[in-house]
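To keep things clear, I will list the structure first and then write my remarks on it.
Quick note: the coordinates plus some simple rules give every number you see, no bench work behind them. Please read these numbers as outputs of a predicted model, since none were measured by experiment. Heads up, the Cβs are rebuilt from the backbone with ideal geometry, glycines too, and the neighbour counts pull from every protein chain shown.
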There are 2 protein chains.
Amino acid sequence: MYIFVGTNTDIMENELAKIHLSVDCTVLGFDGNRLEVLLIRRTGEEGGREFHDMKLPGSLILDNEELDDAARRVLTELTGLKNITLQQFKAFGSMDRTKDPKDVHWLEHAQKAHVHRIVTVAYMALVKIGRAMIREMEGSEALWVPVGAIPPLAFDHNEIIGEALAHLRSSASMDPSILYALLPRKFTVTQLRNLYEIVFGSKLDPANFYKKMIQLPYLVALDEHEKGVAHRAARYFRFDKTIYNKSRL
Amino acid sequence: MYIFVGTNTDIMENELAKIHLSVDCTVLGFDGNRLEVLLIRRTGEEGGREFHDMKLPGSLILDNEELDDAARRVLTELTGLKNITLQQFKAFGSMDRTKDPKDVHWLEHAQKAHVHRIVTVAYMALVKIGRAMIREMEGSEALWVPVGAIPPLAFDHNEIIGEALAHLRSSASMDPSILYALLPRKFTVTQLRNLYEIVFGSKLDPANFYKKMIQLPYLVALDEHEKGVAHRAARYFRFDKTIYNKSRL
């Protein structure tokens, strides 16, 4: 005897959502001046014409594959990047995700499967864009695109990036330490201000920002300055996580 | 002509994950003394014997149903509760979720569908447990269980609750204002300390806690005291969101 404590809605098998599951990775990187997102080039055909556009690194997950493993695998396969710390931030499951027939056709051709509805689990990573990283990406179809200059992307990938940026903004306003994952190990206050301005979307007064920042106990001044710059060489700072954690108690 | 910029892994349709998608709601409530989670009773049969246990309010999503809509529908259908603000907090997709045959059999019977792998999108809500809420739940199979006394649940629901509590802890350490969603509109410092102790998992010195809390500008003392208590009647306070937001700039 079964007593099903289920929902009142009388569900038939054919009313259940037929779903493919994918992972998509929003890797945000800072090059010292600009916040950029990692995209991959896509080529397809629609209505007899070839098209070229871009999308987030992502793919359907395999059977018996854990979500986190799928995100890591897909990012490495599509971009060459290894050892990126990805964190799940939201699942996107709207039916509108596949409203553009060109995306459905592209995916059905690629996966040799009928595609109805795709729910994607979005991951996020914050990285410093450095020379080693650019080298690792060589030979892939991946490229960095400034967040201010993202063209219309496949599926709902513009929306996913928008939500990743909103997530970064709200996390950073509660815990500014996460921003230092984007900065190089040593950075100038101008670089830090650039990053604040981009993340919080507002211009900051340079003098006031400098005064406020050098008072933070966890921003440690280094005995080192910029080299080979036309303007007055700025001092480098580093972020001290231990001091930061103490200051938050 | 298609050039599929996909993953290197040669994916055949039958290697793709066959997935059912569900939503599960972790509603955490505080009754002034204890933090509790909303569970529903489940009855099933395994190996010829009836069993009774509990699970989170959750169910498979319907075709053409948005994730957020599914979470709201399922919570209302299973618990009677309306107007609960649910927020997605994590997708759980491990194959281990269905390792207990009794869960698979129960679900297959209930849904009249073959169940292989179920990915669930977990939602979370913080509520004040009041008399009106208890009344709304009447006639449902839902009940409040203290988080310190949760028995083994269906699927990975113990793990989901554990992650919801960890999420609450880390969010509250960055932004304590979210804790006030759990407290009644007017509360005593003892109730606030109870909540802090449960969320952060450590005992706090009552006198020190009191001294610290009454200094917070956003905790506003009311001209009202507890009534009908054996001990000295404590003063009520309220949380002022406007003052809080200003104090965080």
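Structural remarks
- Shown is the FRET efficiency for A:E66 and A:A113, computed with R0 = 30 Å from the Cβ-Cβ distance and rounded to the nearest 0.05: 0.90.
- Rounded to the nearest 20 debye, the dipole magnitude of the protein assembly as shown is 2940 debye, with +1 charges on Lys and Arg beta carbons, -1 on Asp and Glu beta carbons, and the Cα centre as origin.
- Karplus (6.51, -1.76, 1.60) ³J(HN,Hα), θ = phi - 60°, over region B:123-133, in Hz, Gly and Pro reported as x: 10, 9, 9, 10, 9, 8, 7, x, 5, 4, 5
- CD proxy at 222 nm, helix term only [per DSSP H run n ≥ 4: -39500 (n - 2.57); per residue of chain B; nearest 500]: -9000 deg cm²/dmol
- Rounded to the nearest 20 debye, dipole of region B:149-234 from Cβ charges on Lys, Arg, Asp, Glu: 420
- The residue among B:M137, B:A221, B:L75 whose Cα reaches farthest toward the positive pole of the charge dipole of chain B, with charges on the beta-carbon of Lys, Arg, Asp and Glu, is B:A221.
- Highest-fluctuation residue, B:D156, B:D69, B:D223 considered, GNM on chain B with Cα pairs under 10 Å: B:D223
- Cut-off 13 Å between beta-carbons: net charge of the residues surrounding A:L165, Lys and Arg +1, Asp and Glu -1: -1
- Point-charge dipole on Cβ atoms (K/R +1, D/E -1) for region A:91-249, about Cα centre, debye to 20: 740
- Trypsin sites (Lys or Arg not before Pro) lying in DSSP loop within region A:159-249, provided at most 16 other Cβ fall within 10 Å: A:R185, A:K186, A:K203, A:K227, A:R232, A:R248
- Across the identical copies, the 7 Å label point of A:E50, projected outward along Cα→Cβ, sits 6.8 nm from its counterparts, in ascending order.
- Cβ-Cβ distance of B:E77 and A:E46, R₀ of 30 Å, FRET efficiency by 1/(1 + (r/R0)^6): the value works out to about 0.15.
- By the combined test of axial Cα extent (at least 24 Å) and Kyte-Doolittle hydropathy (mean at least -1.0), the qualifying DSSP H helices of chain B come to B:157-174.
- Between amide H atoms placed 1.01 Å from N, distances below 5 Å from B:E36 occur with B:G29, B:F30, B:D31, B:V147, all of them 5 or more places distant or on a separate chain.
- Using a simple spin-label model with pseudo-atoms 7 Å out from Cα toward Cβ, A:T190 and B:N158 lie 5.8 nm apart.
- Distance between region B:105-137 and region A:156-231 - C-alpha centres, whole angstrom: 42
- Neighbour-count order for A:V189, B:V147, A:V220, A:V27, fewest beta carbons within 10 angstrom listed first: A:V220, B:V147, A:V189, A:V27
- Share, in percent, of DSSP beta bridges within chain A that are antiparallel, nearest 5: 70
- A straight Cα-to-Cα reach below 24 Å connects A:K211 with the lysines A:K186, A:K203, A:K227, A:K241, A:K246, B:K246, residues fewer than 8 places away in its own chain not being considered.
- Other-copy label distances relative to B:R169, 7 angstrom Cα-Cβ extension, nm: 3.1
- If R0 is 22 Å, the Cβ-Cβ spacing of A:L222 and A:I243 corresponds to a FRET efficiency of close to 0.95.
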